[in-house]
1. What is the residue count in the stretch 161-172 for residues that are assigned to a helix (DSSP H, G or I) and either touching a helix residue (DSSP H, G or I) at 6+ places or on another chain (Cβ under 6 Å) or of a type in the set (Val, Ile, Thr) (or both)?
2. Spot the failing condition for residue 223; the list is (1) out of contact with any strand residue (DSSP E or B) (no Cβ under 8 Å at 6 or more places or on another chain); (2) buried (at least 18 other Cβ atoms within 10 Å of the Cβ); (3) within 28 Å of residue 322 (Cα to Cα), and only one is missed.
3. Name every residue in the stretch 101-148 that is farther than 30 Å from residue 80 by Cα and without any contact (Cβ under 8 Å) to a residue 12 or more places away in the chain, in order of residue number.
4. Is the stretch 239-260 home to any residue that is under 22 Å from residue 85 (Cβ atoms) and either outside any helix (DSSP H, G or I) or not assigned by TED's automatic domain parsing to the domain that holds residue 155 (or both)?
5. Of the residues 218, 207, only one is in contact with a strand residue (DSSP E or B) (Cβ under 9 Å, 6 or more places away or on another chain), of a type in the set (Val, Ile, Thr), buried (at least 18 other Cβ atoms within 10 Å of the Cβ) and not in a helix (DSSP H, G or I); which?
6. Do you know which residues across the stretch 288-302 are surrounded by 11 or more Cβ atoms within 10 Å (Cβ to Cβ), outside any helix (DSSP H, G or I) and not charged (D, E, K, R)?
7. Is it the case that residue 249 is touching a Pro at 6+ places or on another chain (Cβ under 6 Å), under 20 Å from residue 199 (Cα atoms) and touching a residue at least 60 places away in the same chain (Cβ under 8 Å)?
8. Which count do you get for residues in the stretch 57-77 that are of a type in the set (A, V, I, L, M) and either touching a His at 6+ places or on another chain (Cβ under 9 Å) or within 18 Å of residue 282 (Cβ to Cβ) (or both)?
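The values are calculated or read from the model by the stated rules, or taken from the named source; none is laboratory data. Since we're looking at a predicted model, the values are computed, not measured. Cβ coordinates were reconstructed from backbone atoms using ideal geometry, including for glycine residues, and neighbour counts include every protein chain displayed.
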Amino acid sequence: MKLSGLSSLLLGTGLVLCSHAFAADTKIGYINKMGDHPWFVAEVAGAKAAAEKDGAGFVSQDVQFNADLTVTTLDTMIGDGVKGIAIVVPDKGLGPVVAQKAKDAGIPLVAVDDDIYFKDGSPVPYVGLNAYNIGKQVGTELAKLYQSEGWAGKEVRIASIEDRKADTCMQRNKGAEEAFLAAVPDFDPGKIIRVSYDNTMVNSIDVMTTTLTANPQVTNWIFYSCNDDGVLGAARALENSGYTADQGMGIGIDGSRACDAFGSGKPSAFRGTMWLNSANHGRIAVELLLASIKDGKPLPEKTFSNPELITAANFASDYKAKLCK
């Protein structure tokens, strides 16, 4: 099937496919779960640039957390002749399915952002962050703030804002919790409230508002989550509920909301974010696939990226020009 056939097939189901045709025979497919989010916009752009630099073709599809569309898109890309696929799954439960389909087709597969596994438990090559370790960095920084601001004598609760469908999210929160409790051993773990959300800022605002209403006796809140959306949503819920910025502290992960949080210069309970340049994730995934396809290089099991802590203090001087367009 030619690229136009693939476009027609997806458009016929009401879907939109971004395609970039090159003269080369090698074409890479990129599937992501939330293409309108700044993180994935940058990630796909990095992947596209890597393919273009190598003279390879590139097709991408935003599946918007739709499991059925994910599988359909994978099948369509395979049928269209892609030579390798990078995928950000909307649900880790899809891992064995997409891994087996790629294997059966003889196509190398790289999981990006969320690690996935074959049915037998063997891992699909992964590019992204070390979820647990980045969570530990969040917990360590929150402990420093808790101690430096003298919160030990206050009525404090921790809100662990969790997307329980995403293992990488739960690993981040686990790391944050364990690092915080290790640094503040007298903090009562019973004062940690587990708040379920759907990975979006709007939902984080909603669920955190409900949590605040249910705990009117609490004067100070600590929160951590899967991403910036979860933490900035919690900060805005505090603000909307009449708390001052110094009554909350949260540190996000990914940096996608740094401009929203720090751009105005106003104090916020969003105290920082562990920034990861997601464009690098897309770029690295495509480079690894092309090296495997063209040179026969084995795909490494895990390729991690390291975060940088952005705060209100260093945002304007070091990050605003990079992140805010």
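1. 4
2. Of (1) out of contact with any strand residue (DSSP E or B) (no Cβ under 8 Å at 6 or more places or on another chain); (2) buried (at least 18 other Cβ atoms within 10 Å of the Cβ); (3) within 28 Å of residue 322 (Cα to Cα), only one is false for residue 223: (1).
3. Of everything in the stretch 101-148, just one residue is farther than 30 Å from residue 80 by Cα and without any contact (Cβ under 8 Å) to a residue 12 or more places away in the chain, namely 148.
4. No.
5. 218
6. 299, 300
7. no
8. The number of residues fulfilling the criteria is 4.
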